Each structure stands twice: as structure tokens, then as C-alpha cells.
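A quick write-up on the structure given underneath.
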Amino acid sequence: MKGMIALIFIALPLFTQGQILLSPQAEIRAITVGPYQGEVYSAFGHSGIRVVDPVNRINAFYNYGIFDYDQPNFYLHFARGFLNYRLAVTDYDRVLNYYAYHQDRYFHEQILNLDSAQNQKLFEFLVWNAKPENMYYYYDYFYDNCATRVRDAIEDTFEGKVEFDGSYISTDYTIRDLTDVYLPHQPWGDLGIDLCLGLPMDKKATPYMYMFLPDYIESTFNNATILKNGKKVPLVRNTIITYSPKGNVSIIKTWITPLVAFIALFVVGGMLTFWAYKKGKSLFWFDATLLSVIGLVGWLLFLLWVATDHKAAAKNMNLLWAVPFHFPMGLYLLSSKGKRLKVKYFTAIAILMILLLFSWAFLPQDLHEALIPLTLLVLLRSLYIRYRLSQTNPDERT
């Protein structure tokens with residue numbers, strides 16, 4: 001990512017100053033870059049706009065997917081959902097070299113079916129948008145990103161003259177389904193997204209909403225029309241396959257997936273519980289560690305919901321298993337006090353885990369399957385904690 005940022009910030013100041021009249025040979029192209037599995041953020045692909053004019057020697061790539069690590073309070077703004085992304089203007093050849101030849105990602109160019117006046121109008125919008133006072137925007141995972149900004153640039157420029165026909169989309173995906181399609185090689189990234197993003201991810205996506213993904217910007221543009229000289233014509237005149245992947249970049253796969261890891265944790269927890277039962281031990285140190293980690297995850301999910309502007313993090317049903325009160329209740333297990341409270345708490349947790357497991361497939365939010373073994377472990381330990389507390393005296397240190 002740092003390499004890409006360094007590349008992108010080699011900007012072209014020429015196009016943010018003054019007005020340039022494009023020649024009749026000029027073209028504006030919507031660029032779609034294929035997914036790259038090297039990082040989670042790049043697994044969804046990328047979009048941009050290319051302006052090429054051989055007469056004026058313009059060959060610029062307008063990139064809405066840029067952010068600056070050096071912006072003030074970067075991590076705080078990122079956590080709260082106020083991260084500034086920006087539009088940067090970059091030399092096209094550098095972009096092509098980085099995405100296509102360096103990362104081996106497909107690179108498609110859709111030549112927009114615009115006349116000279118329309119080309120000029122869109123170009124002037126991009127020049128205006130690239131000015132320092134206009135280039136920044138608050139990034140949103142699904143509603144305001146590098147792909148939707150390409151769509152919005154064209155819609156805003158030709159207001160009421162562009163029509164997107166989504167009837168070609170035959171799938172009935174939710175937003176979460178659409179993200180899952182792009183993460184087969186990112187199991188931990190997929191888990192992270194499923195953990196942090198809540199019920200809004202599980203709404204059925206309209207064809208218009210599909211365009212948060214670059215691939216669907218391309219396919220929807222292929223099915224769109226624009227009013228040109230009083231007539232509806234296809235938005236895309238021609239598509240150029242600039243680069244096709246050669247298979248030069250290998251994908252590092254891991255067998256330690258979240259499902260494997262949590263099954264292993266459940267097996268270890270089950271073996272420890274069996275050993276503790278035979279030996280008459282409590283192993284509350286194990287519970288204190290496990291529950292504290294889960295509780296801290298729960299508090300993080302709760303804060304993402306109520307204390308940030310991440311709309312997709314709201315109403316997160318992962319809080320049914322990642323109960324925030326596990327922290328500090330897990331640590332309270334190490335105290336000799338509050339036996340009655342502990343019994344009531346872990347009885348309630350056991351009941352909650354049983355209800356959750358039986359309703360897992362019917363919840364309105366699609367919880368990650370790898371979390372089932374973890375939920376089973378919390379159920380097992382809650383039942384064992386309740387059992388151990390019933391075997392000890394109220395004043396006995398557990």
C-alpha cells in the first residue's frame with residue numbers, strides 16, 4: 001500500500017490549473033482494475049477514470065482511492081469513520097505499470113461514448129474535483145468509495161441524461177454476499193469484515209448498490225445509456241482489454257483458517273474441561289483469559305456501532321456471542337466474591353449460547369460459520385463454571 005501511495009502522489013499539477021480545451025481526438029475512459037489477493041483492501045479491485053488527448057499530450061488517471069497516512073489524527077479518524085480519501089491525478093503509464101505489470105491484475109478500459117462537448121464537460125468536472133478544496137471526501141465501504149465516485153462523476157456531470165439498466169443482474173445477493181465472493185483467499189480478512197460489520201450488510205443489494213464493486217461499475221456501464229444529441233446511445237462505445245493476467249503473481253494460501261483455528265481451540269478447551277472435571281479443578285484462569293478476550297471484542301463491536309460513523313457496523317448481532325460483559329466478568333471469576341452473581345450470569349450465558357446455536361441459520365444477520373466452535377466453547381465453559389461454583393463453598397476461592 002505504501003508503494004502505491006508513493007506512486008499515486010506523483011501528481012500532475014497541469015490539470016488542476018487553468019482550463020484546457022480538449023481536442024476532437026480526446027477520449028475519456030472508465031478504468032477497471034481486477035482484484036489482487038495480496039491485501040484485503042485490494043481484493044475487490046479498483047476503478048478510475050482516464051483522460052487521454054494526444055494533441056494536448058494528456059494521459060492522466062483520476063484516482064479516487066487515495067488516502068494519506070500523514071493526515072492529522074489518522075487512526076482516530078479511521079476508527080470513527082471520518083477518514084478523508086481524496087482524488088489524485090496521476091500519470092496513466094505509471095498506474096498501468098503498477099497494477100498490471102507489477103501486480104498482474106487485469107486492466108480494462110471502457111471508452112465512453114461522448115461527443116466533444118460532453119468530453120469537455122466531464123473533463124472540467126474532474127479538473128474541478130481535483131482541486132485541493134474539492135478533492136477530499138469521507139470514505140464509506142459500500143456507498144462512497146473509489147468505484148461509486150467514478151459512477152457519481154458521470155451522473156453529476158450529465159445529470160438526468162445517464163440511465164443505468166440493472167436488469168442484467170440475475171443474482172439476489174446481500175452486500176455481505178457480494179463481499180464474500182471476493183474473499184476466497186482472504187479467510188481472516190473475511191472473518192474481520194463479518195465481525196465488524198453488522199445487520200446493514202445483510203440487506204438485499206439493489207442493482208445500483210452493486211456498483212460499490214469495480215466489476216459492477218464495468219458491467220453496469222456496459223448496460224447503461226446516455227442522451228447524446230437528443231438520442232439515447234450506449235454509454236460505452238468500446239472496451240479495450242489493455243492487460244490480461246499472466247499468472248505471474250502467486251497467491252499465498254494458508255491452511256490455518258478461522259474455522260480450523262477455532263475448532264482447534266474448542267478441542268483444546270474441551271480436553272482441558274474433561275481433565276479439570278476428572279481432577280476436580282476449576283481452571284478459572286482459562287475462563288478469565290478466554291472471556292476477557294471475547295468481552296474486549298464485544299466492546300469494540302459495540303463502540304463501532306454507537307460511537308463511530310461506520311453505518312455498516314450498526315446493529316451487530318455478533319454481540320450475541322461476543323458479550324461485552326465477559327470483560328470484566330471473566331476476571332471477576334478469579335475473585336472469591338459474588339458466587340450467586342456468577343451463577344446467575346453464567347446460567348444466562350449458557351441459555352443465550354444454546355438459543356444462539358439453535359437459531360444460527362435463521363438470524364437476519366449472516367454470522368461467520370467459524371464462530372460456531374467458539375460459541376460452543378463458551379457454552380461448555382459456562383456450564384462447567386456453573387457446575388464448579390455449585391461444588392464450592394461461597395467463601396472458597398475459585
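Brief remarks follow.
- Filter result for V260 (assigned to a helix (DSSP H, G or I), surrounded by fewer than 14 Cβ atoms within 10 Å (Cβ to Cβ) and free of Cβ contacts under 8 Å to residues at least 12 places away in the same chain): no
Residues are listed down the side, and each one gets a yes or a no for (1) of a type in the set (K, R); (2) in contact (Cβ under 8 Å) with a residue 12 or more places away in the chain; (3) in contact with a Pro (Cβ under 9 Å, 6 or more places away or on another chain):
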residue: S292; (1), (2), (3): no, yes, yes
residue: V297; (1), (2), (3): no, yes, yes
residue: D309; (1), (2), (3): no, yes, no
residue: N316; (1), (2), (3): no, yes, no
residue: W321; (1), (2), (3): no, yes, no
residue: F325; (1), (2), (3): no, yes, no
residue: G338; (1), (2), (3): no, no, no
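- Taking the criterion of being open to solvent by less than 20 Å² (accessible area, probe 1.4 Å) and either over 12 Å from Y210 (Cα atoms) or touching a Lys or Arg at 6+ places or on another chain (Cβ under 8 Å) (or both), the residues of region 173-195 that qualify are T174, I175, L183, G189, L191, D194.
- L235 vs. criteria touching a residue at least 24 places away in the same chain (Cβ under 8 Å), over 30 Å from H368 (Cβ atoms) and touching a Gly at 6+ places or on another chain (Cβ under 9 Å): no
- Residues in region 45-60 that are under 28 Å from the mean Cα position of the chain (by Cα) and either at pLDDT below 95 or more than 20 Å from M211 (Cβ to Cβ) (or both): A60 only.
- Residues located in region 261-275, provided they are more than 23 Å from the chain's Cα centre (by Cα) and not hydroxyl-bearing (S, T, Y): I263, A264, L265, F266, V267, V268, G269, G270, M271, L272, F274, W275
- Residue in region 279-287 that is under 30 Å from L114 (Cα atoms), touching a residue at least 40 places away in the same chain (Cβ under 8 Å), out of contact with any Gly (no Cβ under 7 Å at 6 or more places or on another chain) and of a type in the set (S, T, Y) present: no
- Scanning region 226-246 for residues that are more than 12 Å from A30 (Cβ to Cβ) and assigned to a loop (DSSP other than H, G, I, E, B) yields N229, G230, S244, P245, K246.
The values are calculated or read from the model by the stated rules, or taken from the named source; none is laboratory data. Note that the structure is a prediction, hence the values are computed from the model and not measured. Here the Cβ is made from the backbone with ideal geometry for all residues, glycine too, and neighbour counts use every protein chain on show. Remember, those area values only see protein heavy atoms, side chains included, never the ligands or the DNA or RNA. Shrake-Rupley method; radii C 1.70, N 1.55, O 1.52, S 1.80 Å.
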